[in-house]
Amino acid sequence: MKRIRNFCIVAHIDHGKSTLADRLLEVTGTVAKRDMEAQLLDSMDLERERGITIKLTPTRMLYNYKGEEYVLNLIDTPGHVDFTYEVSRSLAACEGAILIVDATQGVEAQTLSNAYLAIDNNLEILPVINKIDLPAADVERVRTEIEQVIGVPSGLAPAISAKNGTNIDQVLEQIIELLPAPVGDENKALKALLFDCYYNNFLGAVCLVRLFDGQVKVGDKIKMLATGKEFEVTEVGYFTPKQTPCAMLSAGDVGYICASIKTVSEIKIGDTISSAENPCEPLPGYKEVLPVVFTGIYPISGDKYGELKDALEKLKLNDASLEFTKETSTALGFGFRVGFLGLLHMEIITERLEREFNLDIITTAPSVSYIVHTNDGRTLNVANPSNLPKAVEIDYYEEPIVSLKMWTPPEYIGALMDLATNKRGVFVDMQHMDNNRTLLNFKIPLNEIVYDFFDRMKSCSHGYASLDYEPAGYQRSDLVKMDILLNGKICDALSLIVHESVAYSKGKALTERLKDIIPRQMFEVPIQAAIGGKIIARETVKALRKDVLAKCYGGDITRKMKLLEKQKAGKKKMRMLGNVEIPSEAFVEILKI
Amino acid sequence: MKKPLSVYVHIPFCERRCGYCDFVSCTETEKINQYLSRLQTEILAFDFSKYLVKTIYIGGGTPSILNINQLTKLFDCLPTCHGEITIEVNPNSLSRAKCEAYRAVGINRISIGVQSFDLATLRDLGRLHDVKQAIDAIKLAHEYFDNISIDLIKDIPNHRYVTPPKEILAMIKHISIYSLTKDDHCVLDTDEPVNLPADFMRYEVSNYAREGYESKHNLVYWTGGEYIGFGAGAHSLLNNQRFCNSADIFNYQRETPVERTPEDIREEQIMLGLRLRTGVAMTLLKNKDNDLKLLAGHGLVTLTPTHVIATEAGLKVLNQIWLRLA
């Protein structure tokens, strides 16, 4: 056990986690150079395409150091703010963390939040300064920043280029020298943390585990302490990064357990796995994550509901943080209300539904979960605007608030202040970290940052600012439900909860946008925005004046039919709301208001 | 029992091509005889014995470009027909002698390509005749024929549709008025009113006729009857197969026939029926009660116990109605 090191890599997005992971695999000979594929651990197409890591991937590497062979277990982590939850899961399985800082960018919002997460988990931090191959690299400045801002000694931090493979051996050396070996007792009852799982059609759920005490081998009876379910182990092993079966896993190891677990609902990520005969005390586990952004997902054609359900269930097998419940919309029919960790998460899931499952879906405006207090003293959690009680029954609303941290060079402070204030942010304080970097703290309604806040922040700071946020409770707020009426009928799928102060301007912008999106139809379509029965904005899609084939003779019939069939195919991409045809992109477009 | 059949013959020659026309045509009039001999071979190869020819339509192009000799030769190889026999003519190539020849070969309906009663419009369309020539041609035809039709174009950008003069309306039985199109789409969003006397019944989207003078030949197309087309680019519907000749005027070939599926037929019948005053039989529609109610509610169709009939307003957006009902 003395020769095991369990560690993860944490960093701000794009600071080079996956590239360093690749280099470690290569230098330790885990993966032969000829098999190297950039960002090996990002196995999903989508991850590679977007250059982001979404899922955790634990890998066992062997490294010979001073004549002894060490087992290094690396758990790659996602860097985007939406997936902080996954980071905290991998931290719980490690003793140490490599903190990568980009030598050109310095400490960013997520460098800090991830570093603090690691410190909170009592992990030993090993700072590494990456991208020294870039001309703008300033290793000494970043070294100082790490000490001053994060408070971690960085004098020994290796300066590396993960891209070119410079000084990777220093990183490996420090992992062995500076990170602690796991402590635990092989002879005690099995105590393993289930930190992730994915589904394999042949093996069932594959549980990714970290053993703290005891051992586990094929044939053992195991028990999930939280769910109480018992299983017989059918396979144990580790990842190289290929799934490699082995005889046994022991205290200190990171690997996987398969036990013919047919559905992921039978297990709970964060649970403690122990032996069925002699269960141990459960591990503290870690903070359970709650979805923060909700959206309705509907199939464009109603008969695909079953397929959508299957697809979501399959995705859920690999993504424990995905939550969904059935919902019905009068406008869109049967669909699901799906909870996400954030907007990136939402985008990824909807994209996977479309790409991997070939489904045409409609995504309704994302919403957060509000607390609604009614006049008769009830308290309701509402994530779908159409589930709100009538306006007259509502006493008041509370909405989720987050603490928002933005890091920026000083020249963009003004623009970012404006941005946050316009989004109902309340300024808390400002800290000057050094000459180049200021930290702005805001309290801001979550609702205001779920859609395009990140993009706007990037554009008003020329890409230099970074952000991070964490939930900060609920706050009473003057909110109203805004309905959109098409042809005089409320279209529930377009309803929104908005702050009173922006209701008018939003209503106007929305109706104008819809007017542009909805094609002319056989009859005039009035588009109205209403608050509690009062119309606040109106636009009209004029009726089509003419859509007819002038001539049609013997020779034309075939050609005319082709034309009409083409028009018909175009229609298939439309969704009927009452009597109005709406292109499916309308639902996404209105988010951009 | 012989099966009813209609015959179309295409004459793809013009003195000048018009920009708005997308029928197969050329100006190599010196090669008319060459074309006619191919056409004759084609017609003579067809076995008419099983059929009773109900209508014949000589279209173009400009069929009136044929001289009397050429015309007679063509009719020599055409089958006997006791029904409607139409020829399309241009005002500037019609003559008294031709009118007499038309009558002699059995032609009983003249369709005159007037296009407009506005001089500037005629010029901009590239027509070779003026308003007076058009009126004279109608008068001349009227001396020989009872059943006269004229073609007009409306909804032309920057031009005004001019209603035919009263004296002309008195001489004709049928008018086709087309909205100008480009690539099958109407050029303008506007729909100029046609201002015709009430006894011209709009029996199809673009066709108006006095009672009993609807084009029998065209109604065959619109009601799914069988027809054979001869000549370059001509189309046929026989034995539930659609086929056409290629557009290569001097070397045209019959292209591979396409068999219609029952669904093709149903969709076609709805499309064609909607264009007609007689409407679409309800029996062709599947579960469209809600759509019908909606369309009727907006005044786009009227419903009879057996048929759906597009209203004046509905005729403007027929494609949309078809998309709802097919």
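Which one of A:VAL87, A:MET457, A:ALA103 has its Cα pushed farthest toward the positive end of the charge dipole of the protein assembly as shown, where Lys and Arg give +1 and Asp and Glu give -1 at the Cβ?
A:MET457
Using the charge dipole of the range A:293-366 (Lys, Arg: +1 at Cβ; Asp, Glu: -1 at Cβ; taken about the Cα centre), state which of A:LEU353, A:ILE300, A:THR328 has its Cα farthest towards the positive end.
A:THR328
DSSP loop trypsin sites (Lys or Arg not before Pro) in the range B:33-131 with at most 11 other Cβ atoms within 10 Å of their Cβ, which ones?
Working: sites: B:ARG38, B:LYS50, B:LYS54, B:LYS73, B:ARG96, B:LYS98, B:ARG103, B:ARG109, B:ARG123, B:ARG127; in loops: B:LYS50, B:ARG127.
Listed in order of number, the matching sites are B:LYS50.
How much mean residue ellipticity at 222 nm does chain A get from its helices, if each DSSP H run of length 4 or more adds -39500 (n - 2.57) and you divide by all residues, to the nearest 500 deg cm²/dmol?
When only DSSP H runs of four or more count, the value is -7000 deg cm²/dmol.
How much net charge surrounds B:ASP22 when only other residues with a Cβ under 14 Å from its Cβ are counted (Lys, Arg +1; Asp, Glu -1)?
Residues near B:ASP22 contribute +2 overall.
Do you know the relative contact order of the range B:261-326, to the nearest whole percent, from alpha carbon pairs under 8 angstrom that are 6+ apart?
Numbers: 75 pairs, mean separation 24.3, N = 66.
Taking the mean separation of contacting Cα pairs over the length of the range B:261-326, I get 37 percent.
Compute the distance in nm between two label points, each set 7 Å from the Cα along the Cα-to-Cβ direction, one at A:LYS489 and one at B:LEU180.
4.0
Average projected area of the Cα convex hull of the range B:119-205, in nm²?
On the way: hull surface 25.2 nm².
One quarter of the hull surface, i.e. the mean projection, equals 6.3 nm².
Between A:SER505 and A:VAL392, what length comes free when the chain is fully extended (0.36 nm per residue of separation minus the Cα-Cα distance, one decimal in nm)?
38.4 nm
Work out the FRET efficiency for A:ASN278 and A:PHE357 from their Cβ-Cβ distance, taking R0 = 45 Å, and round it to the nearest 0.05.
Details: r = 43 Å, r/R0 = 0.96.
E(calc), rounded to 0.05, equals 0.55.
At q = 0.06, 0.10 Å⁻¹, what is the log10 ratio I(q)/I(0) for chain A, with the Debye formula run over Cα points and no solvent?
Ignoring solvent entirely, the Cα scatterers give -0.38, -0.96.
For the range A:293-366, give the magnitude of the charge dipole about the Cα centre (Cβ charges: +1 Lys/Arg, -1 Asp/Glu; no others), in debye to the nearest 20.
140
Take every Cα-Cα pair in the range B:181-238 and report what % of them are more than 19 Å apart.
For the range B:181-238, the fraction of Cα-Cα distances above 19 Å is 53 percent.
Please list, in order, the residues from the range B:305-326 whose amide nitrogen is less than 18 Å from a point placed 7 Å along the Cα→Cβ vector of B:ALA296.
Under 18 Å, as judged by backbone N against the label point of B:ALA296, lie B:305-315, B:321-322, B:324-326 of the range B:305-326.
Note down the magnitude of the dipole of the range A:371-477 about its Cα centre, charges +1 on Lys and Arg C-beta and -1 on Asp and Glu C-beta and zero elsewhere, to the nearest 20 debye.
Approximately 60 debye in magnitude.
Which ordering of A:HIS345, B:HIS185, B:HIS129 is given by a fewest-first count of other beta-carbon atoms within 10 Å?
With the fewest neighbours first, A:HIS345, B:HIS185, B:HIS129 line up as B:HIS185, B:HIS129, A:HIS345.
Kindly express, to the nearest 10 degrees and within the range 0 to 90, the angle between helix A:305-318's C-alpha long axis and the longest C-alpha principal axis of chain A.
Approximately 20 degrees, to the nearest 10.
Computed FRET efficiency, Cβ-Cβ of B:VAL162 and B:ALA97, R0 30 Å: what is it to the nearest 0.05?
Working: r = 30 Å, r/R0 = 1.01.
In this case the efficiency is close to 0.50.
Can you grab the distance from the C-alpha centre of the range B:131-175 to the C-alpha centre of the range B:92-128, Å, no decimals?
10
Would you mind computing Rg(Cα) / (2.2 N^0.38 Å) for chain B, counting N as its residues?
For chain B, the normalised Cα radius of gyration comes out at 1.01.
In Å and from the alpha-carbon atoms only, list the Rg and Dmax of the range B:67-215.
15.9, 46
Taking the alpha-carbon set of the range A:191-275, what are its Rg and Dmax in Å?
11.1, 31
Classify the range A:371-477 as rounded, prolate or oblate from the Cα gyration tensor: take a ≥ b ≥ c as the square roots of its eigenvalues, call it rounded if a/c is under 1.5, otherwise prolate when a/b beats b/c and oblate if not.
It comes out prolate by the Cα gyration axes.
Can you bin the range B:261-326 into rounded, prolate or oblate? Criterion: square roots of the alpha carbon gyration tensor eigenvalues sorted a ≥ b ≥ c, rounded for a/c under 1.5, prolate for a/b above b/c, oblate for the rest. Intermediate values should be presented prior to the final figure.
Details: a/c = 1.56, a/b = 1.37, b/c = 1.14.
Cα axes put the range B:261-326 in the prolate bin.
Rounded to a whole number, what is D in µm²/s for the range A:293-366 from Stokes-Einstein with the Kirkwood radius over alpha-carbon pairs (37 °C, 0.692 mPa s)? Let's see the in-between values first.
Numbers: Rh = 12.0 Å.
It diffuses with D of about 274 µm²/s by this estimate.
Would you mind computing, in nm to one decimal, how far apart the modelled labels at A:GLN148 and A:THR328 are, each placed 7 Å from Cα along Cα→Cβ?
6.2
Can you tell me how much longer the chain between A:GLU186 and A:SER260 gets when fully stretched, taken as 0.36 nm per residue apart minus their C-alpha distance, in nm with one decimal?
My answer for the length gained is 24.2 nm.
Could you give the size of the charge dipole of the protein assembly as shown about its Cα centre, using +1 on the Cβ of each K and R and -1 on the Cβ of each D and E, expressed in debye and rounded to the nearest 20?
That gives the protein assembly as shown a dipole magnitude of about 3560 debye.
Could you tell me which of B:GLY314, A:ALA137, A:ILE371 has its Cα farthest along the dipole of the protein assembly as shown towards the positive end, charges placed at Cβ (Lys, Arg +1; Asp, Glu -1), taken about the Cα centre?
B:GLY314
Efficiency by 1/(1 + (r/R0)^6): what FRET value for B:LYS286 and B:CYS26, r their Cβ-Cβ distance, R0 = 56 Å, to the nearest 0.05?
E between B:LYS286 and B:CYS26, to the nearest 0.05, is 0.80.
Give me the distance in nm between label points sitting 7 Å out from Cα along the Cα-to-Cβ direction at B:ARG17 and B:ASN239, one decimal.
Distance between label points: 3.6 nm.
Extent of the range A:476-571 along each principal axis, from alpha carbon coordinates, in Å, largest to smallest?
Between the extreme Cα coordinates on each principal axis of the range A:476-571 lie 69, 21, 19 Å.
Can you pick out the pairs among B:LYS166/B:LYS316; A:LYS66/A:LYS131; A:LYS542/B:LYS216; A:LYS17/A:LYS268; A:LYS566/B:LYS293 whose Cα atoms lie more than 30 Å from each other?
Result: A:LYS542/B:LYS216 exceed 30 Å.
How high is the relative contact order of chain A, in percent, with contacts defined as C-alpha pairs under 8 Å that are six or more residues apart?
Once divided by the residue count of chain A, the mean separation gives 10 percent.
Within the range A:113-134, name every residue whose backbone N is under 19 Å away from a label modeled 7 Å from Cα of A:ASN164 along the Cβ vector.
Counting only backbone N, you get A:128-134.
Just want to confirm a number: the relative contact order over the range A:358-449, from Cα pairs under 8 angstrom separated by 6+ residues, in percent.
27
So what does the Cα-only Debye profile of the range B:1-121 read at q = 0.10, 0.21 Å⁻¹, as log10 I(q)/I(0), no solvent term?
Listed by q, the Debye log ratios stand at -0.32, -1.29.
Read-outs: derived from the displayed coordinates by stated rules, not from any lab. Nothing here was measured: the structure is a model prediction, and the numbers come from that model. Using ideal geometry, Cβ is built from the backbone for each residue, glycine included, and neighbour counts are taken over all protein chains shown.
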